[in-house]
Amino acid sequence: MPRIVRGALLQASWTGDKESMIRKHEGYAHEAAKQGAQVMLFQELFYGPYFCQVQDPQYYSYTEHIPDGPTTKRMQDLARQTGMVLVVPMYEEDSKAAGIYYNTAAVIDADGSYLGKYRKTHIPHVKGFWEKFYFRPGNMGYPVFETAVGKVGVYICYDRHFPEGARALGLNGAEIVFIPSATSRGLSEYLWRVEQVSHALANGYYVGTINRVGKEPLGDDDFYGQSYFVDPRGQFVGEVGSAHDEELLVRDLDLDRIAEVRQVWQFYRDRRPDQYGDLVAP
């Protein structure tokens, strides 16, 4: 039998407050489950605005502990209700060190069990993306989680500009890599349909990636959406999401295609790590 996994992505606009944003995502999760989705990704920092467009300590209030915070518990309950694997990006405060914050995604299995988290590794600090004001770089490597739908990895927004972590996820066994983002129009839109497609091609796995939509009150530019799934051949799975409108995308992913592609393009066999020392030299 073919291994078909139905995945869901939600590109959403900001509602104006945390609680209504969570409720919006819960509603769409139930809708995705009705459409047969088995795994769903939420967008970067899903329950807040993209506050990194400014530098203001008031937004530290959006932090929560993971997994012991209220939103993780709520998402575990949502996973149990819908029977879906959930990848949930949130603003994390380190439970062992007050005032240490990370841009993090929790991975929750279809039965509601918490599997672990990924902390964003690469942190930008340029106009409109003042992330070093809010986040410490991730320190947990590139975990791959055994879920009800297969082996899932996570990479977050600015990470996508760096091929090294994308390759590490492949080496760690990822079959689907989810990349939540918050990227505004103009700065990197021309890269959007290139980088994640390249990761899927170079590593022989599926990528599901989200960008927000709409204009938020803290920034000058709007978010350009265009969320999508891409297969290991670098082909979009169905249509790319709207550039302007909130949208739930539900797509079927044939995981058997991973083995087919890797048997044609032997990128893992033909790697030469003995020649790559300069890549990690100080």
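Below, the figures for the structure above:
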{"quantity": "Pair list, Cβ < 6 Å and 6+ apart or interchain, from region 2-23 residues that are in contact (Cβ under 8 Å) with a residue 60 or more places away in the chain and among the hydroxyl-bearing types (Ser, Thr, Tyr) to residues that are in a loop (DSSP other than H, G, I, E, B) and surrounded by 15 or more Cβ atoms within 10 Å (Cβ to Cβ)", "calculated": "SER13/GLU246"}
{"quantity": "Only listed residue being over 30 Å from GLN266 (Cβ atoms), surrounded by fewer than 15 Cβ atoms within 10 Å (Cβ to Cβ) and in contact with a helix residue (DSSP H, G or I) (Cβ under 9 Å, 6 or more places away or on another chain), chosen from ASP220, ASP245", "calculated": "ASP220"}
{"quantity": "Check on PHE133, touching a Ser or Thr at 6+ places or on another chain (Cβ under 8 Å), touching a residue at least 40 places away in the same chain (Cβ under 8 Å), surrounded by fewer than 24 Cβ atoms within 10 Å (Cβ to Cβ) and more than 22 Å from ALA259 (Cβ to Cβ)", "calculated": "no"}
{"quantity": "Check on TYR102, assigned to a loop (DSSP other than H, G, I, E, B) and either in contact (Cβ under 8 Å) with a residue 24 or more places away in the chain or in contact with a helix residue (DSSP H, G or I) (Cβ under 8 Å, 6 or more places away or on another chain) (or both)", "calculated": "no"}
{"quantity": "Scan of region 75-87 for residues that are within 11 Å of ILE108 (Cα to Cα) and either in contact with a strand residue (DSSP E or B) (Cβ under 6 Å, 6 or more places away or on another chain) or surrounded by fewer than 18 Cβ atoms within 10 Å (Cβ to Cβ) (or both), ordered by number", "calculated": "MET75, GLN76, ASP77, ALA79, ARG80, GLY83, MET84, VAL85, LEU86, VAL87"}
{"quantity": "Filter result (of a type outside the set (Ser, Thr, Tyr) and under 19 Å from the mean Cα position of the chain (by Cα)) within region 34-47", "calculated": "ALA37, GLN38, VAL39, MET40, LEU41, PHE42, GLN43, GLU44, LEU45, PHE46"}
{"quantity": "Subset tally (residues that are farther than 16 Å from MET21 by Cα, touching a Leu at 6+ places or on another chain (Cβ under 9 Å) and not β-branched (Val, Ile, Thr)) for region 209-248", "calculated": "11"}
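Taken together, the values in this text are just the output of simple stated rules run on the coordinates, not laboratory data. As the structure is a computational prediction, the values presented were derived from the model and not from experiment. Cβ atoms come from the backbone with ideal geometry, glycine included; neighbour counts cover every protein chain shown.
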